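Enquirer: Pasting in a structure now, in structure tokens, and then I'll have a few things to ask.
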Amino acid sequence: MSAAPSLQTYSLTSQAVLGKNVTVTGEIRSREPLTIEGEVEGTIDVAGHLLTVAASGNVRATVTAKEIDVQGSLEGNVEGADKIYIRAGGRFLGDIRARAIIIEDGGFIRGDVDLSQPSSVARAV
């Protein structure tokens, strides 16, 4: 008897990318992860997904996303994210309302931070 052939499965996830030479002014709504390598000014809604501001990215916007990874520059307010990463060399200016924030050495942040607890966590009285 010969061994059964192995079956490999691959998970492909779609992701939108705004390239280094792209400038957007206005509103962006994405229902998939979004990476910004260029410039954006306005509103970004990536609810339920990851927004990545690449090292070359320059964003001035109000942002709604499940997770945000700042490697470049993000100026604006963030509401309701589960987790925000400010990477080494990343720069964030604005107010954050999120469940968690991770700032690497060399990451910069200026603004108000509100780390809200998940609603399922019981509070002691």
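Enquirer: Anything in the stretch 14-35 that is under 10 Å from the mean Cα position of the chain (by Cα) and assigned to a strand (DSSP E or B)? List them, or say none.
Expert: Going through the stretch 14-35, the residues under 10 Å from the mean Cα position of the chain (by Cα) turn out to be 33-35.
Residues satisfying the conditions are L34, T35.
Enquirer: So, one more: Within the stretch 82-89, is there a residue that is in contact with a strand residue (DSSP E or B) (Cβ under 7 Å, 6 or more places away or on another chain), surrounded by fewer than 14 Cβ atoms within 10 Å (Cβ to Cβ), of a type in the set (A, V, I, L, M) and closer than 20 Å to V46 by Cβ?
Expert: no
Enquirer: For the stretch 69-95, what are the residues that are over 13 Å from L51 (Cα atoms) and of a type in the set (K, R)?
Expert: R87, R91
Enquirer: Of the conditions (1) closer than 25 Å to S14 by Cβ; (2) crowded, with 19+ Cβ neighbours inside 10 Å, I96 satisfies every one except a single condition; which number is it?
Expert: So the condition that I96 fails would be (1).
Enquirer: Consider only pairs whose beta carbons are under 7 Å apart and that are at least six residues apart or on different chains; among these, list those whose first residue lies in the stretch 61-78 and is over 12 Å from L93 (Cβ atoms) and whose second residue is among the basic types (K, R) and crowded, with 18+ Cβ neighbours inside 10 Å.
Expert: Sorted first by the residue in the stretch 61-78, then by its partner, the pairs are D69/R87; Q71/R87.
Laboratory data are not the source of any read-out in this text; all were calculated from the coordinates shown. What you are looking at is a predicted structure, and each value in this text was computed from that prediction instead of being measured. Here Cβ is always computed from backbone atoms with ideal geometry, including for glycine, and neighbour counts include all displayed protein chains.
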